[in-house]
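First up is the structure itself, then whatever we jot down about it.
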Amino acid sequence: MKTIKNNYTSLPEPLECIGSMNTREMRFSRAMVFAVEEINNSSDLLPGITLGYQIHDSCASVPVAVQVAFQLANGLQQLYDSKKGCLRSGRVTAVVGESGSTPSISMSRIIGPFDIPQVSHFATCACLSDKTQYPTFFRTIPSDQFQADALAKLVKHFGWTWIGAVRSNSDYGNNGMASFLRAAQKEGICVEYSESFNRNDPQSKIRQVAEVIRRSTAMVVVAFTAPGDLRVVLEELTRHPSPPRQWIGSEAWVTDPDVLRFPLCAGTIGFAIPKSIIPGFREYVMDLSPAKVVASHVLSEFWEGAFNCLLEKQAGSSDRVCDGTEDIQKLHNPYTDTSQLRITNMVYKAVYAIAHAIHNLVCKKINSTIHCDQFMKIQPLQVHDQLKRVNFSRNGYHVSFDANGDPVAFYELINWQKNQNGGLEFVTVGLYDESLPLGQKFNIRKKISWADAECLFVHQVPVSVCSDSCPPGTRKVLQKGKPICCYDCVPCAEGEISNTLDSSDCFPCPKEFWPSAEKNLCLPKLVEFLSFHEVLGIILATFSITGACLTIVTAIVFFHHRFTPIVRANNSELSFLLLFSLTLCFLCSLTFIGHPSDWSCMLRHTAFGITFVLCISCVLGKTLVVLMAFKATLPGSNVAKWFGPTQQRMTVVSFTFVQVLICTIWLVLKPPFSIRNLTTYNEKIILECALGSAIGFWAVLGYIGLLAVFCFVLAVLARKLPDNFNEAKLITFSMLIFCAVWITFIPAYISSPGKFTVAVEIFAILASSFGLIFCIFFPKCFIILFRPEKNTKKHLMAKK
């Protein structure tokens, strides 16, 4: 539209369209004329009735569209037909158009109150589906709501989560982009920028939008624009090329031939109205004789612009005059390109929809013959009501409207691919059918070509993400102040896994499982216990068996020399019983090694408690014998009769019986049992023995300690008794080692984790047992085997 600055001192000039003609829109208008003439010549649709029409150029401008709408609402001048002797109707029955959403909205608000139905072929704004605001609006092209959902699914299909968005600053662009952004948000897609512009904006604004596209990190740009608006941005981007961008187009421009001249849009994909075939249409648009051209102002303007000549010589003009050699067959522009009739078919269907609505009002079928009332006066409201009910097919294309005046959404997925001539062409690579069930609507049938930095076509899908996908074993942590698509990948915490890409959270493994090293899989925890097959278990078992063998060897040596003075002087009966108990002590440590079970847990603790009490009882008995022996030598003492062999045996049995009683009560009330310890180590399970009753365990241990302390005190008292070989000294040292080991054992036992608790217990058993056998029996064996001269009664009885 020509921009005029009014001074308000004179009447404004009439609105005027300027600039070059949009030959694609020219083809749309010719499709309307073709459809009207086809209907007027039809014997099946409105026979005997002639449809008239007027075509106005709105030049994509709201003011011009509003002016035309007022003209249509006021009615047309009635004409008298002398041939038929009647007045031709001057009332507008219906309106086809507009191509843009914003002009269509303006027109609908004006003609809607007059009940004049409007059928648009190219206005896709979802807002026009609101029947409370636009009650008489219909369209043969699907609403942008369907396209927005389809585009969001398309972007998500290729894994693009970081995109840029540009739109026309119009109802079409703003509403379409708003619908897309809502659908994109549901699909988890983030938008780096969203810019709006108009072809009439200052160049500084256009440069600003182009610069945003150049500097962005998003590889994908979704453009909800009119073709004329997009061209000005593409021209600016061409002046200073940006890094390669993957363009996603709306149906308004993705099949516009004028945009194909921009190489930077190579690889563009988008949804478009399916291409179609209109029989006879190409011949019609190409049949432009000089007489037809001269008779029409619009055709004349088209002809002169297409061939760059003037039909008539104008004064002062230097342009050449058309000489009649111009051949429209050789003309290549959007008007003559009928290879992919998409929106053109929407115009064709709109005209036929109105014709069918009128047909249903004025025509009836009687005896296989259609009769139409040529004189019936019809109101626009009647046509509006019949449009709601139309349901027909033309050239294999179905036409009907839902409650919102919208058709069933069906799109082709278009890809701009390189042809043999090096240019770009539209290639259908897939389909989108809204009528199909969920999951079957979107179907890609052919390979899509993309553009890389050198504008060469490749088959590798470009990547457009703010952050790379987080691998399994990590979780997403949003970056502060940025959209949800921008995040850092943080490894899962200990004991947690994630087994999917881009997991927003990590999940703990079940109790008896632990994450793999990559933290993407829960594996059964390692089961750990002190085994005979591991080094520590083998070492402890070796020392245990060695100690038992050493004790047996000592017993054999003592038995072989049982009649020698040194053996007889040290209470041979208690010595053999002590050696027997020490053998059991060494062997009982083996019960602590191996897979714990309820029976082994009860056995190891009771065997340990009873054998050690038996051992300490024997040592205590030997100490008492030493003390009593010297007391018995005093005049008048009859102590010997109170501590003879029988009493010694009863002492050992009595002390041992108390421990047996404690163990029995422990086993009956709350015995030890095997457990799977899941708390000491997170990554493994410790098989160990629970005490059952801690009181029982510490009672057993405390009783052993009580006897050991008592024995130690008695040994200390007897250590200075006159004797060449005072056994009390040996017992003192052995008890000192014994007590030291078990006092150290208590904190070590409490603080040792897992299987090392068992190892500490075995070490204490072995250390105290070796201490007893070395301190008590090693000096005697040394004399028996290597100093036999000292193994005599004379030597033992001699005074120091």
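Quick look at the numbers
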| quantity | calculated |
| --- | --- |
| Residue 291 being assigned to a loop (DSSP other than H, G, I, E, B) and not polar (S, T, N, Q) | no |
| Test: residue in the range 121-144 that is at negative phi, free of Cβ contacts under 8 Å to residues at least 40 places away in the same chain, among the β-branched types (Val, Ile, Thr) and part of a loop (DSSP other than H, G, I, E, B) | yes |
| One residue from 224, 197, 146 being over 22 Å from residue 414 (Cα atoms), buried (at least 20 other Cβ atoms within 10 Å of the Cβ) and aromatic (Phe, Trp, Tyr) | 197 |
| Residues located in the range 478-506, provided they are among the β-branched types (Val, Ile, Thr) and without any contact (Cβ under 8 Å) to a residue 40 or more places away in the chain | 490, 497, 500 |
| Residue check for residue 587: in the same structural domain as residue 660 (by TED's automatic domain parsing) and closer than 26 Å to residue 658 by Cβ | yes |
| Among residues of the range 236-285, those that are under 30 Å from residue 300 (Cβ atoms), part of a helix (DSSP H, G or I) and in contact with a Ser or Thr (Cβ under 7 Å, 6 or more places away or on another chain), counted | 3 |
| Residue tally, condition of a type in the set (Lys, Arg) and outside any loop (DSSP other than H, G, I, E, B), over the range 310-364 | 3 |
| Search result, residues across the range 474-515 that are surrounded by 15 or more Cβ atoms within 10 Å (Cβ to Cβ), among the hydroxyl-bearing types (Ser, Thr, Tyr) and in a loop (DSSP other than H, G, I, E, B) | 498, 503 |
| Conditions (1) outside any helix (DSSP H, G or I); (2) without any contact (Cβ under 8 Å) to a residue 40 or more places away in the chain; (3) not aromatic (Phe, Trp, Tyr): number failed by residue 188 | (2) |
| Test: residue in the range 167-185 that is assigned to a helix (DSSP H, G or I) and more than 29 Å from residue 119 (Cα to Cα) | yes |
| Conditions (1) outside any loop (DSSP other than H, G, I, E, B); (2) hydroxyl-bearing (Ser, Thr, Tyr); (3) more than 12 Å from residue 165 (Cα to Cα); number of the one not met by residue 194 | (3) |
| Which listed residue is assigned by TED's automatic domain parsing to the domain that holds residue 788, without any contact (Cβ under 8 Å) to a residue 60 or more places away in the chain, of a type outside the set (S, T, N, Q) and part of a loop (DSSP other than H, G, I, E, B), from 559, 563, 576 | 563 |
| Residue list for the range 137-189, filter: of a type in the set (Lys, Arg) and out of contact with any Phe, Trp or Tyr (no Cβ under 9 Å at 6 or more places or on another chain) | 156, 182, 186 |
| From 692, 696, 702, residue being within 17 Å of residue 765 (Cα to Cα) and either acidic (Asp, Glu) or modelled with pLDDT of 80 or more (or both) | 702 |
| Residues that are farther than 28 Å from residue 151 by Cα, of a type outside the set (A, V, I, L, M, F, W, C) and modelled with pLDDT of 90 or more, drawn from the range 240-293 | 279, 280, 282, 283, 284, 287 |
| Selection count, the range 200-211, where residues are surrounded by 18 or more Cβ atoms within 10 Å (Cβ to Cβ) and closer than 25 Å to residue 466 by Cα | 2 |
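The values are calculated or read from the model by the stated rules, or taken from the named source; none is laboratory data. Since this is a predicted model, take the numbers as computed values, not measurements. Methodologically, a virtual Cβ is constructed for each residue, glycine included, from the backbone with ideal geometry; neighbour enumeration extends over all protein chains shown.
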